[in-house]
Each structure stands twice: as structure tokens, then as C-alpha cells.
Amino acid sequence: MISVGFSSALCVRPVVSFSNTIRGVHNHGIVTCLATSMSSSSMTVARDAEYELESRKYELLNIIQDTQRGLVTTADQRSTIEEAMVVVEGFDAGKEIDLSKLDGTWRLQYTSAPDVLILFESAARLPFFQVGQIFQKFECQNESRGGLVRNVIKWSVPRLLEENEGATLIVSARFSCVSARNIYLKFEEIGLQNINISDDLQAVIAPAILPRSFLSLQILQFIQTFKAQIPVTSPERQSVGGLYYLSYLDKNILLGRAVGGGGVFIFTRAHALIC
């Protein structure tokens with residue numbers, strides 16, 4: 001009985017030939033090699049695309065380097081900048097804006113917006129007015145459809161305030177995402193703060209020769225802590241707003257366009273801002 005059962009077991013056991021085994025191993029090897037090759041090709045394509053993007057971004061920033069943030073440009077330069085912007089924008093076309101990437105502080109590097117260029121032009125003409133750095137600070141880390149943005153302008157009056165950063169003007173606005181790339185800004189408030197008077201003015205208000213009077217110290221403290229906020233909305237007045245197209249965004253650079261011919265903006269990430 002044992003021999004019959006053993007024979008039956010031998011009869012029903014599938015036969016696997018050595019040649020079939022070798023063929024299966026060979027085919028599996030081909031599939032593995034193909035998958036590895038495809039993965040390597042995909043990585044190469046992605047790496048080449050990233051290199052191309054970084055090169056185009058570098059070219060754009062290099063073109064605007066000597067324009068004094070847009071104040072000194074010719075028609076040919078503006079055309080070249082526009083072409084370079086379009087190339088960079090093409091790498092991010094059609095993607096929805098990522099608010100987690102937008103969140104943070106951005107430093108203005110270039111603009112063609114008339115309402116900003118007039119500040120630069122005034123500073124260039126008037127000896128008693130200076131414009132320092134200009135930032136946009138977005139607060140939208142945990143938001144899905146909008147947030148808060150502050151336009152921060154550092155400015156000064158020579159000999160009265162510290163150079164370039166004597167005072168800070170802040171224009172605050174709420175923004176909402178109205179499409180994949182468009183945001184609508186609703187301006188809320190204009191503020192003045194962080195007044196840093198010059199050493200010369202401090203010497204006039206509170207001379208270095210002791211003792212300083214209590215009144216002079218109070219005046220210094222009042223100026224340094226002064227903060228004014230003026231709302232731009234009221235029940236009788238409709239809020240001023242604007243539509244902006246965020247044409248490119250990554251962790252280092254932000255490109256935008258004011259819808260309706262209001263100019264273009266190029267920002268780079270700023271890692272620190274006190275406002």
C-alpha cells in the first residue's frame with residue numbers, strides 16, 4: 001500500500017524541467033533589468049529638468065541684477081526680463097498654488113509696477129527720502145483658501161532716521177484664492193512702526209552729557225515705540241482690492257503679475273524679517 005501511494009504521488013507531481021527553470025530565471029532577469037533601466041531613465045530626465053529650471057532661474061535673477069529693482073531699465077531690458085519670466089513660468093504652468101510654500105517672507109528683487117516704481121523714483125530725486133528693502137510676508141501655513149499678507153516697506157529720512165531702515169510702513173491685506181493661480185487682495189490697514197532715529201537726532205533730543213532729563217528720555221522712548229495703524233475700510237467706504245496672478249512659486253522664488261496691466265513682481269525667499 002505504501003508503494004502504491006508513493007507511486008501515485010510521483011505520477012501527479014508536476015514536472016519542472018531544468019530548461020524551463022533557466023528560462024524563467026532569464027526572463028525575470030530581463031524584466032528586472034528593464035525596470036531598473038526605466039527607473040534610471042526617469043531619474044535622469046527629472047534631474048535634467050531640475051538642472052534646466054535652476055539654470056533658467058539663475059539667468060532671470062542675473063538679468064535683473066543691475067536694474068535697481070526695476071528703476072533703471074530700458075525697453076529692451078524689460079522685454080528680455082519678460083521673456084525670461086515666461087520661460088521660468090512654463091515649468092510651473094497649470095499647477096495649483098501651494099499655500100504652504102507661499103507662507104513666509106519674500107524680498108522684492110524687481111518690479112515694473114508703477115505704484116512701486118514711483119517710490120524708487122522719489123527716493124532717487126529727493127535727498128531727504130530713502131527706500132530700503134521691500135518685503136511681502138504671507139501668513140497662510142494652515143489655510144486652504146487664503147490668508148493674510150503684509151507689504152513691508154523699509155524707509156528713512158537721512159540725518160533724522162537710521163539709513164534705509166529708519167521706519168517701517170506696513171500695508172496689510174486679506175487674500176483669498178479665486179482660482180488655481182489667482183488671489184484677490186482686500187486691503188485692510190496701513191501701519192507705521194519701528195521708528196529708529198539717528199544718532200544725531202538722539203543727541204539733540206537727549207544730549208550725551210549727563211544728566212539726561214526725564215522728559216528727554218520719555219520723548220526718545222515714545223518715538224522708538226510709536227506705532228500707528230490706519231484702517232482703509234469703513235462702513236461708508238468700500239475696501240480697495242486687487243487681483244494678482246501668482247505665475248511661479250517654489251521654495252526660493254516667487255513670480256507674480258498684477259492683473260490688468262499693473263506690472264510684474266520678482267521675489268526671492270527672505271529668511272528673516274522683523275515687522
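The residue pairs whose first member lies in the stretch 234-247 and is aromatic (Phe, Trp, Tyr), whose second member is at pLDDT 75 or above, and whose beta carbons are closer than 6 Å, counting only pairs six or more residues apart or on different chains, are Tyr244/Ile183; Tyr244/Gly256; Tyr244/Ala258; Tyr245/Arg181; Tyr245/Asn182; Tyr245/Arg257; Tyr245/Val259. Can you name every residue in the stretch 56-75 that is modelled with pLDDT of 95 or more and among the charged types (D, E, K, R)? Passing the criteria: Arg56, Lys57, Glu59, Arg69. The helices (runs of 4 or more DSSP H) found wholly in the stretch 47-146 and carrying at least 1 residues that are exposed (fewer than 12 other Cβ atoms within 10 Å of the Cβ) and acidic (Asp, Glu) occupy 75-89, 114-125. Filtering the stretch 185-198 to residues that are touching a residue at least 60 places away in the same chain (Cβ under 8 Å) and open to solvent by 30 Å² or more (accessible area, probe 1.4 Å) leaves only Asn194.
The condition of being open to solvent by 60 Å² or more (accessible area, probe 1.4 Å), among the aliphatic types (A, V, I, L, M) and modelled with pLDDT under 55 holds for Val15. Kindly establish whether Ala173 is in a loop (DSSP other than H, G, I, E, B) and open to solvent by less than 50 Å² (accessible area, probe 1.4 Å). No: the conditions fail for Ala173. The test for being over 21 Å from Ser247 (Cβ atoms), hydroxyl-bearing (Ser, Thr, Tyr) and under 20 Å from the mean Cα position of the chain (by Cα) holds for Ser172.
Among residues of the stretch 115-144 that are without any contact (Cβ under 8 Å) to a residue 12 or more places away in the chain, none has a beta-carbon under 7 Å from a residue that is open to solvent by less than 30 Å² (accessible area, probe 1.4 Å) and assigned to a loop (DSSP other than H, G, I, E, B) at least six positions away or on a different chain.
The values are calculated or read from the model by the stated rules, or taken from the named source; none is laboratory data. Because the structure is predicted, anything quoted here is derived from the model rather than measured. A quick note on method: Cβ atoms are made from the backbone with ideal geometry, for glycine too, and the neighbour counts reach across all protein chains shown. The protein model used for the area step is the full one, side chains on, heavy atoms only, and it has no ligands, DNA or RNA in it. Shrake-Rupley method; radii C 1.70, N 1.55, O 1.52, S 1.80 Å.
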